[in-house]
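The values are calculated or read from the model by the stated rules, or taken from the named source; none is laboratory data. All values reported here derive from a predicted model rather than from experimental measurement. No Cβ is skipped: glycine too gets one built from the backbone with ideal geometry, and neighbour counts run over all protein chains shown. Keep in mind that these areas ignore ligands, DNA and RNA; they rest on the heavy atoms of the full protein, side chains included. Shrake-Rupley method; radii C 1.70, N 1.55, O 1.52, S 1.80 Å.
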Amino acid sequence: MKRVLELTEVYANYGHIQALKGISLTVNEGEIVALIGANGAGKSTALNTISGIVRAAKGKILYKGNDITKSPAHLIVRGGIVQVPEGRAILKTLKVIENLELGAFIRKDPLQIKKDIEEVFDRFPILKKRANQPAGTLSGGEQQMLAIGRALMARPKLLLLDEPSMGLAPLVVKEIFNIIQEINKNGTSILVVEQNARMALKISHRGYVLETGSIVLGDSSADLLNNKKVIEAYLGG
Amino acid sequence: MFLQQIANALALGSVYALFAIGFTLIFGVLEVITLAHGAVFMVGAFAGLIAVTRFNLGIIPAILTSMLASGLLGFIIDFVAVRPLRKKKYHHLAPMIATIGCATIITSISQGIFGAEAYRFPFDFVPTKSYEIGDIQLTLLQLVIIGISFSLMIMLILLLKRTKWGKAVRAVAENRRTAALLGIPVERVFQITSFTSSALGGAAGVLTGLNFNAIHTYMGGPILHRGIAVIILGGMGDIRGAMAGGLILGFSEIMSVAYISSDFRDAISFGLLFLILLIRPSGIFGKVPERKG
């Protein structure tokens with residue numbers, strides 16, 4: 001199996017707090033990998049460090065064998081690592097369609113971009129209806145769909161998802177996770193960060209447990225789902 | 001008489017709007033109040049003047065020359081004074097003070113070169129003709145000023161609305177982190193914004209020089225104060241607000257002079273701005289600031 005992403009002993013600070021204390025993890029081609037942990041465990045910082053928004057204080061991040069530890073955020077996107085940030089982070093003052101167009105900012109194939117927008121609309125028909133509305137007027141679930149659709153516009157090789165279930169109704173969460181699996185089947189590797197550990201482990205191949213900045217467990221998701229410690233701490237007994 | 005004043009007010013107000021639109025754009029995107037915008041305006045006016053007197057250029061090429069010169073100056077100010085502070089993540093005040101330093105340096109150098117006297121465009125550079133539109137008499141100069149400033153503002157709005165980089169600028173203005181996660185080179189967007197905004201400021205300088213037929217090295221100060229008032233009035237960072245605010249200020253100044261007294265011009269127009277702000281503290285188009293989580 002080819003390694004897409006490899007973190008080795010990565011340290012990072014969030015403000016004055018040491019949020020990552022030497023984490024190592026890998027994502028292989030075609031995998032969904034879940035990173036679970038409580039609020040404040042450092043999950044978001046992990047994704048932001050990979051995306052180049054937060055600088056690693058120590059350690060190494062390899063993407064397809066290339067060192068991207070010090071690459072600027074926009075070049076990391078250009079390389080194919082695209083993040084769907086926590087809280088959806090859509091551009092509220094821009095129209096839905098403009099959000100999608102900006103998702104393809106790094107691309108230079110206008111005709112194909114138009115086709116891809118149509119494809120996003122096929123996947124999320126509600127977005128087509130709302131195409132010319134300011135994105136801030138969408139509901140929470142619609143915003144998450146837009147955020148995922150926008151990330152797909154960049155044609156990512158590795159998709160980073162930060163709490164895709166946050167603040168969404170259970171039915172919508174299910175729908176979002178189905179879509180994540182579909183995206184993965186189309187060949188995109190995925191690293192998903194979640195507080196909703198059960199959901200994340202159900203759809204992922206492997207998982208890691210992050211506790212106050214350190215990875216304390218790493219295993220196949222099936223085994224993690226049956227792990228006593230995980231059940232007690234994260235799956236509600 | 002009143003209708004006639006409208007023509008004067010439009011000519012004055014459209015230039016205020018043009019100055020303020022770049023000012024507010026820099027604030028919206030970079031979150032910096034660049035107090036060098038007045039100095040950039042002055043340099044733009046001189047660049048336009050030199051283009052006309054030395055190189056015999058017509059009005060459009062002269063304005064383009066001025067925009068190029070002031071745009072480059074804006075880019076340099078950002079690179080030298082604002083960018084280093086941005087890298088250190090200082091907010092608002094430090095870069096603002098750095099731009100005061102830039103303004104002082106630019107003004108001093110210009111005074112060294114041009115002295116303190118007023119310069120004029122050649123006689124009849126814009127022929128003294130006038131046109132009757134209904135009851136209003138518009139001079140060719142007023143038409144040129146209104147036409148150029150509105151065309152430039154409309155062009156800016158179209159660039160922001162329609163082009164890929166324009167949308168990127170709006171994305172950075174809303175949330176630079178989200179923009180970076182979309183692969184937008186945020187630093188380059190800052191530079192493009194500085195260049196474009198300053199270019200518009202320079203064009204406003206040429207038009208002001210034409211309007212009053214006077215260009216001097218200390219013309220940046222008064223316009224800067226008006227610019228600050230206009231962008232606060234319009235709502236910080238809001239393009240439509242800067243346009244509306246500029247026109248309102250132009251109207252109130254002209255009407256105070258026409259109907260009250262030129263002695264009280266500034267007192268009355270700034271008093272009016274103050275009143276509007278009492279009613280709408282975040283400006284005409286401004287939103288009540290959201291608390292960021």
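Centre-to-centre separation between the Cα atoms of segment B:17-81 and those of segment A:108-142: 38 Å. Placing unit charges on the Cβ atoms only, positive for Lys and Arg and negative for Asp and Glu, gives chain B a dipole magnitude near 1400 debye about its Cα centre. Each 5 Å bin from zero holds the following percent of Cα-Cα pairs in segment B:1-133: 2, 9, 15, 18, 17, 15, 11, 7, 4, 2, 1, 0. Loop sites here are GluC sites (Glu not before Pro) outside DSSP states H, G, I, E and B with no more than 14 other Cβ atoms within 10 Å. The longest part of chain B free of them is B:118-289.
Between A:E211 and A:V216, the built amide H atoms are under 5 Å apart, and every one of these is 5 or more places off in sequence or on another chain.
The value given for the protein assembly as shown is a Kirkwood hydrodynamic radius of 25.7 Å, derived from the mean inverse Cα-Cα separation.
Among the listed pairs A:K95/A:K202; A:K64/A:K228; A:K92/B:K87; B:K88/B:K167; A:K21/B:K88, those whose Cα-Cα separation exceeds 29 Å are A:K95/A:K202; A:K64/A:K228.
In this structure the amide hydrogen of A:S24, modeled in the peptide plane, comes within under 5 Å of the amide hydrogens of A:E9, A:V10, A:I215, none closer than 5 places in sequence on its chain.
Placing one equal scatterer on every Cα of segment B:111-256 and applying the Debye formula, the log10 ratio I(q)/I(0) at q = 0.22 Å⁻¹ is -1.46. Here chain A is treated as a Stokes sphere of Kirkwood radius computed over C-alpha pairs; at 37 °C and 0.692 mPa s its diffusion coefficient rounds to 182 µm²/s.
In loop segments of segment B:86-131 as defined by DSSP, the trypsin sites (Lys or Arg not before Pro) with at most 12 further C-beta atoms inside 10 Å of their C-beta are B:K88, B:K89, B:K129.
Once the Cα atoms are used to define both axes, helix B:93-114 deviates from the longest principal axis of chain B by about 40 degrees. Segment A:1-64 and segment A:199-223 have their alpha-carbon centroids 13 Å apart. Listed values for segment B:267-282 are Karplus-derived 3J(HN,Hα) couplings in whole Hz (6.51 cos²θ - 1.76 cosθ + 1.60, θ = phi - 60°), namely 4, 5, 5, 6, x, 5, 4, 4, 4, 4, 5, 4, 7, 10, x, 9, and x replaces Gly and Pro.
Computed from the alpha carbon atoms alone, the convex hull of segment B:131-215 holds 104 Å³ per residue. A probe of 1.4 angstrom, applied to the heavy atoms of all protein chains, finds B:L182 with accessible area near 10 square angstrom.
The three principal axes of the C-alpha atoms in segment A:26-73 carry coordinate ranges of 30, 27, 17 Å, sorted with the longest axis first. Net charge dipole, the protein assembly as shown: roughly 1140 debye, given to the nearest 20, about the Cα centre with Cβ charges of +1 for Lys and Arg and -1 for Asp and Glu.
Take B:D124: with every protein chain present and a 1.4 Å probe, its accessible area is about 70 Å².
Placing unit charges on the Cβ atoms of the charged side chains and taking the dipole of chain A about its Cα centre, the candidate lying farthest along the positive direction among A:P156, A:S71, A:T8 is A:S71.
For segment A:60-99, trypsin sites (Lys or Arg not before Pro) meeting the loop criterion (DSSP other than H, G, I, E, B) and having at most 13 other Cβ atoms within 10 Å: A:K70. Think of chain B as a dipole: +1 on every Lys or Arg Cβ, -1 on every Asp or Glu Cβ, centred on the Cα centre; then among B:L273, B:G101, B:I184, B:I184 lies furthest on the positive end.
With the convex hull drawn around the C-alpha atoms of segment A:122-164, the volume per residue stands at 80 Å³.
Ranking of B:H91, B:H37 by solvent-accessible surface, largest first: B:H91, B:H37 (1.4 Å probe, protein heavy atoms only, all chains present).
Antiparallel beta bridges, as assigned by DSSP with both residues in the protein assembly as shown, represent about 60 percent of the total such bridges.
Would segment A:166-222 count as rounded, prolate or oblate if I go by the C-alpha gyration tensor, calling it rounded below 1.5 in a/c and otherwise prolate when a/b exceeds b/c, oblate otherwise? Don't jump to the answer; show the numbers that get you there.
Numbers: a/c = 2.23, a/b = 1.34, b/c = 1.66.
Oblate shape, in that a/c is at least 1.5 and b/c is the bigger or equal ratio.
Among B:H91, B:F212, B:A199, pick out the residue whose Cα is farthest towards the positive end of the charge dipole of segment B:83-215, where Lys and Arg carry +1 and Asp and Glu carry -1 on C-beta, about the Cα centre. Of the listed residues, the answer is B:H91.
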